[in-house]
1. Out of everything in region 9-39 that is open to solvent by 60 Å² or more (accessible area, probe 1.4 Å) and in contact (Cβ under 8 Å) with a residue 60 or more places away in the chain, what residue ends up being nearest to residue 311 (Cα to Cα)?
2. Which residue pairs have Cβ atoms closer than 7 Å, lie 6 or more positions apart in sequence or on different chains, and pair a first residue in region 365-387 that is part of a loop (DSSP other than H, G, I, E, B) with a second residue that is small (Gly, Ala, Ser) and at pLDDT below 95?
3. May I ask you to say which residue of 273, 335 is within 16 Å of the ligand (Cβ to nearest atom) and open to solvent by less than 70 Å² (accessible area, probe 1.4 Å)?
4. Give 144, 164, 133 a once-over and let me know the one that is of a type in the set (A, V, I, L, M), closer than 14 Å to residue 94 by Cβ and not assigned by TED's automatic domain parsing to the domain that holds residue 377.
5. Exactly one of (1) more than 16 Å from the ligand (Cβ to nearest atom); (2) open to solvent by 20 Å² or more (accessible area, probe 1.4 Å) is unmet by residue 321. Its number?
6. Which members of region 40-52 meet the condition of being open to solvent by 30 Å² or more (accessible area, probe 1.4 Å) and either modelled with pLDDT under 95 or not hydroxyl-bearing (Ser, Thr, Tyr) (or both)?
7. Quick one: which strands (runs of 3 or more DSSP E) sit completely within region 116-178 and have at least 3 residues that are near the ligand (Cβ under 10 Å from one of its atoms)?
8. Among the candidates 266, 332, single out the residue that is β-branched (Val, Ile, Thr), in contact (Cβ under 8 Å) with a residue 60 or more places away in the chain and over 22 Å from residue 54 (Cβ atoms).
Amino acid sequence: MTTINTPERRQLRELTRTFMTKEVLPHLDDWERAGEVPRELHATAAKVGLLGIGFPEEVGGSGGDLLDSVVVTEEIIRSGGSSGLVAALFTHGIALPHLVAAAGTGTESAAGDDLVERYVRPTLAGTMIGALAVTEPGGGSDVAGLRTTARRDGDHYLVNGAKAYITSGHRADFVTTAVRTGGPDAGGVSLLVIEKGLPGFTVGRRMEKLGWHCSDTAELSFADVRVPVGNRVGAENTGFFAIMQNFAAERISLATQAYATAQRCVELALGWCRDRETFGRPLASRQLVRHRLAELHTRAEAARSYVLDVATRVTAGEAEMTEVAMAKNTAVAACAEVVDAALQLHGGFGYLRDAEVERHYRDQRILGIGGGTTEIMNEIIAKGMGL
Ligand SMILES: Cc1cc2nc3c(=O)[nH]c(=O)nc-3n(C[C@H](O)[C@H](O)[C@H](O)COP(=O)(O)OP(=O)(O)OC[C@H]3O[C@@H](n4cnc5c(N)ncnc54)[C@H](O)[C@@H]3O)c2cc1C
């Protein structure tokens with residue numbers, strides 16, 4: 001029995017699959033067309049105990065760790081969901097951890113427990129939606145160079161600037177926002193929780209994208225938005241460190257989405273090649289096709305094993321950031337190859353909206369961009385090699 005295959009995790013897999021079959025799969029195409037998932041889905045996911053996986057019960061979560069979140073993510077995609085759905089429904093996975101980590105730290109903002117009550121609990125109960133805003137129109141890879149400012153004005157900050165490509169930004173009730181409160185580098189960044197509806201806070205139109213259609217994405221702008229100091233997450237100028245700390249979990253999640261998408265596409269291609277006949281025989285009977293499927297299966301399974309190994313060590317606090325970066329790049333590259341080949345094996349049907357593989361083909365493209373691009377991962381790996 002491996003750590004990922006315990007009786008409890010098999011149960012969690014079953015729970016996720018039931019949720020997907022009953023609550024998601026009959027509606028996913030409609031949500032893809034609508035450009036977002038309904039708010040009620042968050043409450044339903046919370047009710048069955050899925051939304052809070054990976055968050056401690058003391059803050060309203062369901063308990064469990066990163067590996068439990070991996071199981072949920074895997075099963076959502078392998079049961080016919082999508083990485084876009086994971087992004088939309090589990091945005092709190094990137095919006096809340098900093099608030100939870102800061103709870104009870106007794107910083108000047110006294111934010112800790114208060115932020116948990118006001119934002120973490122309602123979000124994990126599915127009655128609020130949160131987003132994380134780091135990227136700006138001027139750049140996303142250079143987090144330490146962000147330009148949105150928060151100037152102290154008594155017991156408030158005055159926030160000015162803009163954020164781009166923010167997942168769930170259109171639906172979010174609050175946004176955990178990276179701002180500059182200090183000097184021009186990493187040491188001058190703080191996190192503020194900014195509520196929708198504050199004067200000067202504008203949510204732009206829903207951005208149209210290549211993939212992740214059921215996940216709303218927005219541009220946000222701030223013009224003299226007055227945010228209470230109590231909405232600061234942790235101590236002033238510690239935001240960069242908080243963002244970096246949570247990148248490991250975010251990157252493991254993206255890597256999981258990548259290998260699970262690859263696995264799902266192998267299954268789809270397998271089914272198609274068994275049924276589809278060309279020149280009087282099923283495609284799967286041709287050695288060329290059989291060997292291609294074997295290669296794709298191997299690629300997906302190898303990526304899974306590697307990501308699970310790194311995820312297990314991240315959970316135990318043993319993995320370096322370089323390993324997480326290598327895991328993400330490995331899974332993303334495997335996914336890109338597998339999804340492309342799976343679509344090709346579907347022939348013309350693979351190019352149609354009716355084909356599930358078509359959605360994965362579009363959805364997978366973001367996995368090497370979001371949460372740190374493939375090039376930025378390579379930079380981390382190179383630094384780890386002493387280059
Ligand atoms: C659908 C979607 C959802 C997203 N959700 C969120 C979200 O919820 N919150 C959030 O904050 N952001 C979000 N992002 C933003 C995402 O994290 C950024 O797009 C990403 O970090 C890259 O930043 P950028 O787009 O500004 O590219 P840039 O930083 O401008 O980079 C452009 C290109 O240059 C390369 N590059 C940059 N620097 C170097 C270097 N030193 N050496 C070599 N190559 C380099 C990059 O790899 C990339 O290929 C989302 C983006 C998308 C498309």
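1. Filtering first and then ranking leaves 17.
2. none
3. The unique qualifying residue is 335.
4. Being of a type in the set (A, V, I, L, M), closer than 14 Å to residue 94 by Cβ and not assigned by TED's automatic domain parsing to the domain that holds residue 377 holds for just one of 144, 164, 133, which is 133.
5. (1)
6. Once the filter is applied, which keeps residues that are open to solvent by 30 Å² or more (accessible area, probe 1.4 Å) and either modelled with pLDDT under 95 or not hydroxyl-bearing (Ser, Thr, Tyr) (or both), region 40-52 yields 40, 43, 47, 48.
7. Answer list for region 116-178: 130-133, 156-167.
8. Of the residues listed, the single one that is β-branched (Val, Ile, Thr), in contact (Cβ under 8 Å) with a residue 60 or more places away in the chain and over 22 Å from residue 54 (Cβ atoms) is 266.
The values are calculated or read from the model by the stated rules, or taken from the named source; none is laboratory data. Being a predicted model, the structure only gives us computed values, none of them experimental. When we count neighbours, we look across all protein chains shown, and the Cβ atoms used for this are built from the backbone with ideal geometry, even at glycine. To get the accessible areas, we keep the full protein, side chains included, count just its heavy atoms, and leave off ligands, DNA and RNA. Shrake-Rupley method; radii C 1.70, N 1.55, O 1.52, S 1.80 Å.
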